[in-house]
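S.K.: Got a structure here, written out as structure tokens. Questions coming.
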Amino acid sequence: MNGAGETFDLTRAGAVALDGADELAPFRGRFVIAEPELLYLDGNSLGRLPGATVPRLRDVVEREWGERLIRTWNEGWYTLSRRLGEKLASLIGAGADEVIVADSTTVNLHKLTLAALAAQPGRSQIITDDLNFPSDMYVFQGTGAELTVVPSPDGVSGPEDGILEAIDEETALVSLSHVTYKSGYLYDLGPITRRAHEAGALVLWDLSHSVGAVPIDLGGHAVDLAVGCTYKYLNGGPGAPAFLYVRRDWQERLRNPIPGWFSQRRQFELGMDYDPSSGIGRFLTGTPPVLSLAAIEPGLDLMREAGLERLRAKSVRQTEYLIALWEAWLAPLGFRLNTPRQPDRRGSHVALGHPEAGRIDQALIEEMGVLPDFRRPDNLRLGVAPLYTRYVDLFEAMARLRRVMVEGVYARYPGELPAVT
Ligand SMILES: *Cc1c(COP(=O)(O)O)cnc(C)c1O
């Protein structure tokens, strides 16, 4: 794979040369870069604002809402969830009629988890791992199903063998994050999906940390169900609605556990008895947040224009580069690599472990012009968003991180963290 095992020139000139040879470099100019000096390494948590989103939102507010008023429901809003789903489908190897955008990731996960359980009478078990995102765990716990949490062997790698062994004829659903949020471990969709199907179980992959960073082939693996975020690598904006995917041959067989008038067959006949739509629209509930939905489209267009194969190649090379800098500069200062070394087992961020990671994160943000994030107990997460992250950003951020350690800058910070880290 590109970049694997590459020997990098770890000077600033080396980083400048890598940027000079980067065919995706011009995409950075398509984003709002309000503070050119800020080293933003949190695109895995909140993607940057695409330039085209600004006039798009102005138009939605001033013309579509302000002038056209309720008429815009028939001039684009009513079909927006579906239209965005069609665009997003091409990024995840799904059919255009298998994806829809509405509600949050957590709510979509809740809908599809309950739908899967209801479709599996006589089976009561959900299998996941202990690297999964807390909200996902809360959803599973809320179902009342028997939950089997397979532990990671080292807190970094997904317990693939343990999961394969745990799946049996009791299993209703296997649900995992495709890329884990803390360590960035990337599961291979194939073996677990195959094993689940052999045992008669369904799979539900959470693509929040892989969509837009890793090519995904849901159709090729016959994945049953998936959900994911649009505000991370897809740059849809804070709180942007999420997507859900239901494989075509499941759409008529599953029941939406949160029915509402947006999934009613002839919605505006306003019948008093629920008659669910056929197709992916069956998984909608109520009126979508149109302003937030509209903000998603420019980011999807940029992704599709850049192409996921090229984005993935750059992302792998950039995380390899970060790991090379870690090894040369930070491993000797007590940082562990809390992300898989093997590029084909890694998403698009690198987690560095240090007992003082919380205070180090504060020092980077407060006086070093670097924005990474901190994930308890000891992870500093450095996200690479290949549409706009430059090699020189990575070089500078790691150089400043080294300074924070060598000069003991972090020691001035109290370790009490703000509400959102
Ligand atoms: C970011 C993320 C979410 C976020 O869920 P929301 O409902 O949007 O808050 C859920 N699951 C995973 C795996 C995530 O990474």
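The values are calculated or read from the model by the stated rules, or taken from the named source; none is laboratory data. Given the structure is predicted, the values throughout are model-derived calculations rather than measurements. As a convention, Cβ positions derive from the backbone with ideal geometry for all residues, glycine included, and neighbour counts pool all protein chains shown. Areas reflect the complete protein model, heavy atoms only, side chains present, ligands, DNA and RNA absent. Shrake-Rupley method; radii C 1.70, N 1.55, O 1.52, S 1.80 Å.
S.K.: With +1 on each Lys and Arg Cβ and -1 on each Asp and Glu Cβ, how big is the dipole of the chain about its Cα centre, in debye rounded to the nearest 20?
M.R.: With Lys and Arg at +1 and Asp and Glu at -1, about 700 debye.
S.K.: I would also like to ask the following. If the reach is capped at under 19 angstrom between alpha carbons, list the lysines near Lys314, excluding any in the same chain fewer than eight residues apart.
M.R.: Lys232
S.K.: Report, in debye and to the nearest 20, how large the dipole of the stretch 37-89 comes out about its Cα centre when Lys and Arg carry +1 and Asp and Glu carry -1 on their Cβ.
M.R.: On the way: 9 positive and 8 negative charges, 47 e Å.
In total the dipole reaches around 220 debye.
S.K.: In what sequence, highest mean first, do 100-111, 63-74 appear when ranked by Cβ atoms within 10 angstrom?
M.R.: Highest-to-lowest ranking by the protection proxy: 100-111, 63-74.
S.K.: Right, another one. Any idea how far apart Ala328 and Ala411 come out in nm if each label point goes 7 Å out from Cα toward Cβ?
M.R.: In this crude spin-label approximation the distance works out to 2.8 nm.
S.K.: Before anything else, pin down the relative contact order of the stretch 268-421: Cα pairs under 8 Å, at least 6 apart, normalised by residue count, whole percent.
M.R.: 21 percent
S.K.: Quick check on the chain: helices-only [θ] at 222 nm, where DSSP H runs of length 4 and up contribute -39,500 (n - 2.57) each and the sum goes over total residues. Nearest 500, please.
M.R.: One gets -9000 deg cm²/dmol as the mean residue ellipticity at 222 nm.
S.K.: Tell me, what is the percent relative contact order of the chain, built from C-alpha pairs under 8 Å that lie six or more residues apart?
M.R.: For the chain, the relative contact order is 23 percent.
S.K.: If you don't mind, there's one more thing I want to ask. Among Pro36, Pro340, Pro276, which one shows the biggest mean-square fluctuation in a GNM of the chain, springs joining Cα atoms closer than 10 Å?
M.R.: In this elastic network of the chain, the residue with the biggest mean-square fluctuation among Pro36, Pro340, Pro276 is Pro36.
S.K.: Classify the chain as rounded, prolate or oblate, taking a ≥ b ≥ c as the square roots of the eigenvalues of its Cα gyration tensor: rounded when a/c is under 1.5, otherwise prolate if a/b is larger than b/c and oblate if not. Provide the component values of the computation, followed by the final result.
M.R.: Details: a/c = 1.96, a/b = 1.35, b/c = 1.45.
Note, shape of the chain comes out oblate.
S.K.: Under unit Cβ charges (Lys, Arg +1; Asp, Glu -1), what dipole magnitude, rounded to 20 debye, does the stretch 197-346 have relative to its Cα centre?
M.R.: Taking the Cα centre of the stretch 197-346 as origin, the dipole is about 340 debye.
S.K.: With a 10 Å radius around each residue's Cβ, average the other Cβ atoms per peptide and rank 297-305, 214-222, highest first.
M.R.: Answer by packing, highest mean first, reads 297-305, 214-222.
S.K.: Name the residue, out of Leu80, Leu270, Leu114, whose mean-square fluctuation peaks in a Gaussian network model built on the chain with Cα pairs under 10 Å.
M.R.: Leu270
S.K.: Skip the ligands, DNA and RNA, and give the accessible area per residue of the chain with a 1.4 Å probe, whole Å².
M.R.: Result: 40 Å² per residue.
S.K.: Placing +1 on the Cβ of each Lys and Arg and -1 on the Cβ of each Asp and Glu in the chain, which of His349, Pro386, Tyr413 has its Cα farthest towards the positive end of the resulting dipole?
M.R.: In the chain, that residue is Pro386.
S.K.: Can you tell me which aspartates and glutamates have their Cα less than 16 Å from the Cα of Lys182? Leave out same-chain residues fewer than eight positions away.
M.R.: Asp42, Asp129, Asp130, Asp136, Asp154, Asp206, Asp361, Asp373, Asp378
S.K.: At 0.36 nm per residue, minus the direct Cα-Cα distance, what do Arg310 and Ile70 gain on full extension? Give it in nm, one decimal, please.
M.R.: Extra length available between Arg310 and Ile70 comes to 82.3 nm.
S.K.: Pop a pseudo-label 7 angstrom from the Cα along the beta-carbon direction at both Arg255 and Thr287 and give the gap in nm to one decimal.
M.R.: Roughly 2.8 nm, to one decimal.
S.K.: Further question: Give, in nm to one decimal, the length gained when the segment between Val61 and Ala119 is fully stretched (0.36 nm per residue of separation minus the Cα-Cα distance).
M.R.: Answer, rounded to one decimal: 16.7 nm.
S.K.: Considering only Ala295, Ala13, Ala201, give the residue with the highest GNM mean-square fluctuation for the chain, with springs between Cα atoms whenever their separation is below 10 Å.
M.R.: Ala13
S.K.: Can you list residues from other chains, or at least 5 along the same chain, whose modelled amide H is less than 5 Å from the amide H of Phe374?
M.R.: Amide H neighbours of Phe374, under 5 Å, 5+ apart: Arg381.
S.K.: Let me ask something additional. Between the alpha-carbon centers of the stretch 44-75 and the stretch 301-327, tell me the distance in whole angstrom.
M.R.: Between the Cα centre of the stretch 44-75 and that of the stretch 301-327, the gap is 30 Å.
S.K.: Hey, how many Å between the Cα centroid of the stretch 225-268 and the Cα centroid of the stretch 355-421?
M.R.: Cα centroid of the stretch 225-268 versus Cα centroid of the stretch 355-421: 35 Å apart.
S.K.: Among Trp205, Pro159, Leu69, which residue has its Cα furthest toward the positive end of the charge dipole of the chain, with +1 on Lys/Arg Cβ and -1 on Asp/Glu Cβ?
M.R.: Leu69
S.K.: Then there's this: Tell me the relative contact order for the stretch 1-146 as a rounded percent, counting alpha carbon contacts under 8 Å between residues six or more apart.
M.R.: Computed value for the stretch 1-146: 11 percent relative contact order.
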